[in-house]
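See below for the structure under consideration.
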Amino acid sequence: MAYNHYILTCGGTACESNKGDEIYRSLIGEAEKQGVKNEVQIVKTGCFGFCERGPIVKVLPEESFYVDVKPEDAAEIIAEQILKGREVKRLLYKGEVEKKATTAVEDIEFYQKQFRVVLRNCGVINPENIDEYIAREGYSGLEKVLFEWAPEQLIEEMKSSGLRGRGGAGFPTWLKWDLARKAQGDIKYVICNADEGDPGAYMDRSTIEGDPHSVIEGMITAGKAIGAHQGFVYIRAEYPLAIDRLRRALAQARDYGLVGKDILGSGFDFDIEIRLGAGAFVCGEETALIKSVEGNRGMPVPKPPFPANKGLWQLPTIINNVETLANIPVITAKGGAWLAKIGTEKSKGTKVFALTGKVKNSGLVEVPMGTTLREIIFEIGGGIKGGKKFKGVQTGGPSGGILTEKVLDTPIDYESLTANGSMMGSGGMIVMDEDDCVVDVARFYMDFCVDESCGKCSPCRIGTTQLLNILEKIVSGNGVESDLDKLETIGKAMSKASLCALGQTAPNPTISTIKNFRDEYLEHIRDKKCRSGKCKRLVRYLINTEKCKCCGACSKKCPGNCIAQADAAKYPDQKRPPYVIDLEKCLKCGECLKACKFGAVVKA
């Protein structure tokens with residue numbers, strides 16, 4: 001059936017949690033109610049990326065881009081745009097600079113420097129309809145792989161693309177595949193690592209939610225390259241929407257003869273199973289992931305041998321993450337040389353980042369390698385919220401360092417981030433402003449690593465605990481200057497002696513903040529002061545007796561009963577004695593600061 005209009009509604013996890021499904025159902029209901037259900041097709045698609053302004057609704061062919069949509073807006077969208085051909089101006093995105101309503105996506109600052117390869121179909125197609133994927137060249141590259149290219153030619157195409165693993169290490173994809181292809185054995189495996197566990201990261205989850213067939217096609221292609229006939233998607237059970245869409249996609253691919261026996265009559269067999277993980281961060285490490293797929297506790301093992309030679313059930317195995325695999329169909333369809341034109345000399349293609357934290361426009365961002373941090377944070381991201389001052393940005397999740405303003409103009413690639421004390425990781429990017437305390441941030445990530453360490457090797461098990469204890473000591477006001485040397489010494493030992501990347505990189509946030517923000521650590525130690533007020537045990541709440549109106553609001557809200565009126569004899573010139581805080585009893589909860597309407601309570 002031909003439709004006059006198409007309405008795309010965001011169906012990613014973030015928008016779904018913000019009444020996205022209700023918006024979708026309201027639009028369908030209103031289309032029927034207003035008699036236009038045969039004129040408009042309403043589709044639930046994947047993440048548009050502009051998460052800060054979701055839920056998002058896009059109307060075609062006008063390209064109307066509506067932000068901050070609510071279920072009650074459905075009636076107006078149908079009545080105005082579908083029936084009368086008029087855009088709902090109040091819902092259109094308004095530019096940051098001129099504040100004018102913007103219709104076209106290409107005019108929105110958030111998208112202007114992006115280049116979508118991995119996210120090419122997210123926010124464009126219905127991820128639950130295989131025909132829409134096929135209509136956008138889906139599985140066209142697989143046809144070449146099955147009927148035209150030998151495995152050696154396929155691997156050469158991967159080599160010419162320059163694609164490196166997007167899971168963090170940046171290992172050349174072609175080389176991993178070639179090692180597995182040459183490995184001895186008739187049974188080999190392909191594993192998709194969808195166990196995305198970094199705090200604030202949701203790149204892989206959103207890719208599966210918005211374009212699951214790209215991952216399936218990538219896995220089949222990888223299987224053909226190395227001679228494998230079985231694949232596994234290892235995904236954490238915490239991602240129900242991604243799992244559901246992946247299951248639907250696999251069922252449709254089987255129905256179309258794209259997964260299973262004798263794919264498209266080529267004689268090549270390849271099947272895919274889903275294995276659910278329990279949410280262990282350490283299972284992002286490939287040997288720990290393999291143990292979990294096998295049904296064992298997810299704990300890393302020493303390398304070599306590498307999985308390409310001895311992996312799942314001691315058989316040759318390749319592991320690629322979601323983003324890596326989603327690149328594959330584009331390479332096979334357009335050629336490796338096409339991707340190689342994008343990016344830098346050593347880091348080809350694009351990179352997807354989850355841009356979060358104290359930035360105006362948080363969301364999923366895909367940019368060519370070589371784009372600077374400044375472009376991502378201040379142009380795509382719109383700068384820092386509330387006019388605050390930029391302090392730092394962490395890339396690489398709990399394994400990455402915190403970078404300062406000095407490196408904002410450095411082109412992003414694997415080598416440059418490592419050289420500056422951070423890492424690419426899987427693509428988390430958390431922006432911090434002047435109100436953030438880097439010592440507390442380092443403590444938070446170390447606490448996370450202590451919880452997530454599998455405990456198998458002592459450098460990680462003991463080292464993370466010792467680093468956390470020292471950081472806890474500093475944020476509580478009991479630190480000494482020699483603690484900084486201890487943090488660096490233990491961190492360096494961990495990076496050299498730990499069995500896997502979790503322990504090797506866990507000290508990065510601490511080491512980088514000591515290097516870049518040493519003065520802030522010394523303030524905590526020498527002055528017993530946290531400039532941002534995030535370390536509660538270093539905060540003091542005081543009452544300015546000259547501003548105190550003696551209303552008692554602070555005293556009523558104090559859960560520790562540590563605020564009372566002062567001795568009247570000490571304030572003979574005042575009709576009523578002001579309130580004062582007993583600092584020894586103070587719980588440092590901040591309720592008095594919130595309660596005071598006259599600015600008399602201050603944080604010192």
Condition first: in contact (Cβ under 8 Å) with a residue 60 or more places away in the chain and among the acidic types (Asp, Glu). Can you find one or more residues in the stretch 226-248 that meet it? no
Among the residues of the stretch 534-577, the number that are within 30 Å of Val438 (Cβ to Cβ), touching a helix residue (DSSP H, G or I) at 6+ places or on another chain (Cβ under 8 Å) and in contact (Cβ under 8 Å) with a residue 40 or more places away in the chain is 6
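Applying the selection to the stretch 550-563, what residues are of a type in the set (A, V, I, L, M, F, W, C) and closer than 18 Å to Phe598 by Cβ? Break it down into steps so the answer makes sense when it comes.
Of the stretch 550-563, the ones of a type in the set (A, V, I, L, M, F, W, C) are 550-551, 553-554, 558, 562-563.
Within the stretch 550-563, Cys550, Cys551, Ala553, Cys554, Cys558, Ile563 meet the criteria.
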Can you confirm whether the stretch 539-556 contains a residue that is aromatic (Phe, Trp, Tyr), surrounded by 19 or more Cβ atoms within 10 Å (Cβ to Cβ) and in a helix (DSSP H, G or I)? no
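One residue is enough: does the stretch 93-103 have a residue meeting the conditions among the hydrophobic types (A, V, I, L, M, F, W, C), under 28 Å from Ile56 (Cα atoms) and either modelled with pLDDT under 95 or in a loop (DSSP other than H, G, I, E, B) (or both)? So that I can check it myself, show each step before the final result.
We begin by selecting, within the stretch 93-103, every residue among the hydrophobic types (A, V, I, L, M, F, W, C); these are 97, 101.
Next cut, under 28 Å from Ile56 (Cα atoms) only: 97, 101.
Of the ones still in play, those that are also either modelled with pLDDT under 95 or in a loop (DSSP other than H, G, I, E, B) (or both) are 97, 101.
Yes, the stretch 93-103 contains a residue that is among the hydrophobic types (A, V, I, L, M, F, W, C), under 28 Å from Ile56 (Cα atoms) and either modelled with pLDDT under 95 or in a loop (DSSP other than H, G, I, E, B) (or both).
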Test of understanding: among Ile155, Ile216, which residue is under 13 Å from Ile328 (Cβ atoms), among the aliphatic types (A, V, I, L, M) and without any contact (Cβ under 8 Å) to a residue 60 or more places away in the chain? Ile216
Given the conditions (1) touching a residue at least 40 places away in the same chain (Cβ under 8 Å); (2) in contact with a helix residue (DSSP H, G or I) (Cβ under 8 Å, 6 or more places away or on another chain); (3) within 23 Å of Asp204 (Cβ to Cβ), and given that Val393 satisfies all but one, which numbered condition is not satisfied? (1)
Looking at (1) crowded, with 20+ Cβ neighbours inside 10 Å; (2) β-branched (Val, Ile, Thr); (3) at pLDDT below 90, find the lone condition where Val441 falls short. (3)
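Rundown of residues vs (1) modelled with pLDDT of 90 or more; (2) of a type outside the set (Gly, Ala, Ser), yes/no style:
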| position | (1), (2) |
| --- | --- |
| Asp519 | yes, yes |
| Leu522 | yes, yes |
| Arg526 | yes, yes |
| Ser532 | no, no |
| Lys536 | no, yes |
| Val539 | no, yes |
| Lys549 | no, yes |
| Pro559 | yes, yes |
Would you be able to tell me the number of residues in the stretch 113-133 that are touching a helix residue (DSSP H, G or I) at 6+ places or on another chain (Cβ under 7 Å) and part of a helix (DSSP H, G or I)? 2
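The values are calculated or read from the model by the stated rules, or taken from the named source; none is laboratory data. Owing to the predicted nature of the structure, the values given are computational and were not obtained by experimental measurement. Counting neighbours? That spans all protein chains shown, and the Cβs are built from the backbone with ideal geometry, glycine included.
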